[in-house]
1. Please report, for the Cα atoms of region 50-93, the Rg to one decimal and the Dmax as a whole number; what are they, in angstrom?
2. Dividing the Cα convex hull volume of the chain by residue count, how many Å³ per residue is that?
3. Determine the percent antiparallel among the DSSP beta bridges restricted to region 123-216, to the nearest 5.
4. Just going by the charge dipole of the chain, with Lys and Arg at +1 and Asp and Glu at -1 on Cβ, which of Ala272, Ile496, Ser94 is farthest out on the positive end?
5. Looking only at Cα atoms, what is the convex hull volume of region 457-517 per residue, in Å³?
6. Per 10 Å bin, what percent of the C-alpha pairs of region 198-272 does each bin hold, from zero upward?
7. What FRET efficiency comes out for the pair Lys23/Asp282, r = Cβ-Cβ distance, R0 = 60 Å, nearest 0.05?
8. Sort out for me the Cα centre separation of region 165-216 from region 306-352, rounded to whole Å.
Amino acid sequence: MRSMAITTAGADLSALKHVELRKWIEEVAALTKPDSIYICDGSENEWNRLTTHLVEVGTLVKLKKKPNSFWATSNPSDVARVEDRTFICSVNESDAGPTNNWMAPAQMKSEMTKLYDGCMRGRTMYVIPFCMGPINSKNPMFGVEITDSPYVVVSMKIMARMGTEALNAMGTDAVFVKALHSVGAPLSPGQDDVAWPCSDTKYISQFPEEHMIWSYGSGYGGNALLGKKCYSLRIASVIGRDEGWMAEHMLILKLTNPKGKVHYIAAAFPSACGKTNLAMLDPTIKGWKVETLGDDIAWMRFGEDGRLHAINPEFGFFGVAPGTGWGTNANAMRTVEKGNSIFTNVALTDDGDIWWEGMTDTPPEHLTDWKHQDWTPNNGELSSHPNSRFCTPASQCPIIAPEWESPDGVPISAIFFGGRRKTTIPLVMQSRDWNHGVFMGATLSSETTAAATGAVGVVRRDPFAMLPFIGYHVGDYIKHWINIGKKTSADKLPKIFYVNWFRRAKDGSFLWPGYGENSRILKWAIERIEGEAEAVETPLGFAPAPGSIDVDGLAVTEAAMADALHVDKSEWQEELPLIEEWFKKIGEKLPQEMGVEFGKLKDGVR
Ligand code: O2Y
Ligand code: MN
């Protein structure tokens, strides 16, 4: 290895007492050849230095109107997760299954090693020790991200518990996930940097057997903040399979009824389908209270009480900006108002604040859009990219539940699955039992959104809202869900519900108002759990009995309500072949229990 300055933050040289980490840092540095190495401490001082540097090089603009907050704009080619460049590099191709891109680990390492060779020239290599979930957990889940992007460092400070505290907790030998990231844009001597370095060649590679991540070429979101989708879903789903727990694409919320009884629920929705809004819901029904624990990822393990307990492994929210506003998610707005946030690919106002479509009813008269162009309300362009994001500390959310950092997690009473479907899927259904709920999750479908590159609005199966995030074979993953249901008694398992806030009337209008009104559906579900709400059995499961959903004060007609809940057999005749095709794609690893449930559905809607 070339001789190189290793700067440890502060005076904490003992930070490098972890032998394997030290060895890995040296190996990566020898390969990527950075100008210097910096071990991140996660301090305010470090944040100030890095954000100042990022302002100087043009990656960030400091906002005048929000404390300690910044506007970032990416290269227009680097705006979302790249599913077609995301790989599960399991030793056997059959372990990646039909829904993942696969490449043999040796081949991927050989290709990426060539790309990594010298890729950090002219840059600093940042070492970010982090922990997903509370550091004081019984089994803390450590990771170390090595990156050449200071934007990633400051974003990781918001999104994960990182720095010296994590490093110290790793001691000399804690197991950790190795997460290597480069923007893939080395600098030759004297070459000017650009505001958003990235490469046209991109790889987001997971090595499930080694619990390792290699990412190259993108500086954006889930491609680059490797604690999030890569670790907490793709790698953690593999660890969860092997250890008997679950890593899921779910929000976690706390619901308190007027009598003060608390229930915690987890809900899985595909990307950009309103998880953050639901997690921070402002209930419209009297006496009910919602508090937030997480908006994107839930890790669920069995507690000593035999119930599934969830933790949010993250520390911040990386929410979709457009559509988040004072009318739709005031709690998210209050969270970002407190500052300490980074806004990427939204628009900048003339007075140094940010704006995006849906933030306010009336747009500002003039903005600088996410591509740095002048923007006026009628210029026919969106001011903000549809996948623009706010990155903000979870602790700032005014309705964060006090127990959100409990290392033991919270016991889950109900799991919701939901997708974005104009037709076919009713507003709400309760599963008959666990396996039927697993069938609901396994056949979940949704119209695609801008969270990933590719066509938007196309219906695709998105099992458990995990399609891009399952780190192994989808058939084995469904089997894992079935096995989880066998580990405890039925009364201790969460009850499972399937919702669709997005069903449309013939004229194209939404049948259900959504947002805060979704509290009425949560109320029905909790009352089902409490044995208080009536239901009728349908081929899709238990539907609300007429009058059992509280619509007091709601301007939804009885006819619209009936349409929202309707099981339309002709629509289901069109859906069945799609499910059949999906199950064929899963192939022989499809658990036989799914065939049994599919048989019941076919009999019911015939
Ligand atoms: O990483 C991105 O570019 C956006 S994707 C994302 C970000 C935060 C939370 N969830 C998602 C997702 O795709 O599910
Ligand atoms: Mn997500």
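Each value in this text was obtained by applying a stated rule to the coordinates, not by laboratory testing. Keep in mind that what you see is a predicted model, and the values were worked out from it rather than measured. No Cβ is skipped: glycine too gets one built from the backbone with ideal geometry, and neighbour counts run over all protein chains shown.
1. Spelled out, the Cα radius of gyration and Dmax of region 50-93 are 17.0, 53 Å.
2. On the way: hull volume 89.2 nm³, N = 606.
So the per-residue Cα hull volume is 147 Å³.
3. Numbers: 14 of 24 bridges.
Just about 60 percent of them are antiparallel.
4. Of the options given, the answer is Ser94.
5. Values: hull volume 9.3 nm³, N = 61.
Dividing the Cα hull volume of region 457-517 by its residue count gives 152 Å³.
6. 17, 35, 27, 14, 6, 1
7. Numbers: r = 50 Å, r/R0 = 0.84.
So the FRET efficiency works out to roughly 0.75.
8. With region 165-216 and region 306-352 each reduced to a Cα centre, they are spaced 25 Å.
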